[in-house]
Amino acid sequence: MAEKYSVPRGTFDILPADSYKWQYVKKVFSEVAAQFNFQEIVTPIFEQTDVFERSVGGSSDIVQKEMYRFQDKKGRNFALRPEGTAPVVRSFVENNLGMTGGNTKLFYLGPMFRYDRPQKGRYRQFYQYGIENIGSDNPFIDAEIIAFGYAFLSKLGLKNFELEINSIGCSNCSKDYNQALVEYFTPNLDKMCSDCNERINKNPKRLLDCKVPSCKEIAKDAPNMLEYLDEDCRTHFAQVQEYLNLMNIPFKVNPRIVRGLDYYNKTAFEFLDNNLGAQNALIGGGRYNGLVEQFGGKDTPGIGFAGGFERLLLSMETEGVSFGEEPKPNVFIVAIGEKAKQLTAKLLFDLRTNGIKAEYNPDKESLKAQMKAADKEKTRFTLILGEDEIAKNSIILKEMISGEQQEIPREKLVTFLQDKLR
Ligand SMILES: [Zn+2]
Ligand SMILES: [Zn+2]
């Protein structure tokens, strides 16, 4: 017997019983994107390794431990994309998308890859949705990006989530703050994990969101970023909050939010899911002024967010919200005899190309077997075509719930069903 295979560890198949749910979430996301005037961008799933090393940052877990790296036949270094922002910024610079000035508003959907320990809701190939607005440092835009996240989760019907925001300052105010963090953490380093010991000099803010309990305990009393913000960053943050208030979007300021990647500054935010417990960020985002310049572009501010489909779907299941209409045919055709089968070929095609989801099973011969197949499909209508109907140019339509039957002239069938299904 031939060997059977399974999916690589940390990956999964999206099977038909679930794929319509994924389609639904993508559809809602694209609709909200259109309402907020964002256009889709599709980048390759692999990039030069440099694209991530330079932007995501050498001190991040992603670059240090989690990237899928490979060399192609010519020895060039590539990585499967671990996140979506760096490729978008690479493309923005490469294609001069900012040429006409103003805001470039982009969204993306697709798989990302991280070599991480698989656990519930976390995979090695995972799917993200994200948006980027490149071109403005205006706090109005920060609020707009956050509002997009709020509108998206709300449109899906989710209720049990919270928005937390923070400002992590710019390079100017970070100087003093990083210094204060180094002074605070240095005497405690022997009680902290090896990651924290390594990061203290590269990116001391990362020590604030270490998940190791003993590190968490020490980080609890660390200096507060918000007290170190300079004038510009403080005003910016205050204005973001003002706009959110004007839109009636509820939020909480949480000075612990730092975001894991090096390129963030100023506004950072998370939409937290109250259903899921420990790993509870549905959406994470923030401002990345300076990133475009790092990619060789003209200094252009940017801000965006990303979220994972897997966690979103888990939350939707937990809250019991709708995934839209389950995919199934509207009508099932039962055809008795060879002549009926031939007529069905044309009939099926006419129904389908007129927007009616129709199904037929040519392998079942008897009326009983076909009716059983129709029952299994749970369609609203069954169409029955036998010798009598062929002779009269008609067809029998049976409403499956009520069991009611009526005979309909075949040339009227399409419009009749279109009316019924409207
Ligand atoms: Zn600042
Ligand atoms: Zn730690």
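Does at least one position in the range 296-305 carry a residue that is assigned by TED's automatic domain parsing to the domain that holds residue 145, outside any loop (DSSP other than H, G, I, E, B) and either under 17 Å from residue 417 (Cβ atoms) or not hydrophobic (A, V, I, L, M, F, W, C) (or both)? Within the range 296-305, one or more residues are assigned by TED's automatic domain parsing to the domain that holds residue 145, outside any loop (DSSP other than H, G, I, E, B) and either under 17 Å from residue 417 (Cβ atoms) or not hydrophobic (A, V, I, L, M, F, W, C) (or both).
For (1) over 20 Å from residue 280 (Cα atoms); (2) part of a strand (DSSP E or B); (3) at pLDDT below 95, each residue gets a yes or a no:
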residue	(1), (2), (3)
91	yes, no, no
98	yes, no, yes
102	yes, no, yes
107	yes, yes, no
110	yes, yes, no
117	no, no, yes
128	no, yes, no
133	yes, yes, no
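Scan the range 147-162 for residues that are open to solvent by 10 Å² or more (accessible area, probe 1.4 Å) and in contact with a strand residue (DSSP E or B) (Cβ under 6 Å, 6 or more places away or on another chain) and the total you get is 2. I'd like to know if the range 174-194 contains one or more residues that are small (Gly, Ala, Ser), more than 16 Å from ligand 2 (Cβ to nearest atom), crowded, with 20+ Cβ neighbours inside 10 Å and part of a helix (DSSP H, G or I). Yes: the range 174-194 contains one or more residues that are small (Gly, Ala, Ser), more than 16 Å from ligand 2 (Cβ to nearest atom), crowded, with 20+ Cβ neighbours inside 10 Å and part of a helix (DSSP H, G or I). Touching a residue at least 40 places away in the same chain (Cβ under 8 Å) and closer than 24 Å to residue 132 by Cβ - does that describe any residue in the range 72-84? The answer is yes, given that some residue of the range 72-84 is touching a residue at least 40 places away in the same chain (Cβ under 8 Å) and closer than 24 Å to residue 132 by Cβ.
Do we find that residue 413 is surrounded by 11 or more Cβ atoms within 10 Å (Cβ to Cβ), touching a residue at least 24 places away in the same chain (Cβ under 8 Å) and either in contact with a helix residue (DSSP H, G or I) (Cβ under 6 Å, 6 or more places away or on another chain) or in a strand (DSSP E or B) (or both) in this structure? No; evaluated as a whole, the condition is false for this residue. Screening residue 198 against (1) within 13 Å of ligand 2 (Cβ to nearest atom); (2) under 28 Å from residue 67 (Cα atoms); (3) without any contact (Cβ under 8 Å) to a residue 40 or more places away in the chain; (4) open to solvent by 30 Å² or more (accessible area, probe 1.4 Å) leaves a single unmet condition, (3). Determine if the range 189-205 includes at least one residue that is under 29 Å from the mean Cα position of the chain (by Cα) and within 16 Å of ligand 1 (Cβ to nearest atom). Yes, some residue in the range 189-205 is under 29 Å from the mean Cα position of the chain (by Cα) and within 16 Å of ligand 1 (Cβ to nearest atom).
Residues of the range 25-73 that are under 15 Å from the mean Cα position of the chain (by Cα) and part of a helix (DSSP H, G or I): 25, 26, 27, 28, 29, 30, 31, 32, 33. Listed conditions (1) over 30 Å from residue 275 (Cβ atoms); (2) open to solvent by less than 40 Å² (accessible area, probe 1.4 Å); (3) at pLDDT below 95 are all met by residue 396, apart from (3).
The values are calculated or read from the model by the stated rules, or taken from the named source; none is laboratory data. Everything numeric in this text was worked out from a predicted model, so none of it was measured. Cβ coordinates were reconstructed from backbone atoms using ideal geometry, including for glycine residues, and neighbour counts include every protein chain displayed. Calculation scope for accessible area: heavy atoms of the full protein, side chains included, ligands and nucleic acids excluded. Shrake-Rupley method; radii C 1.70, N 1.55, O 1.52, S 1.80 Å.
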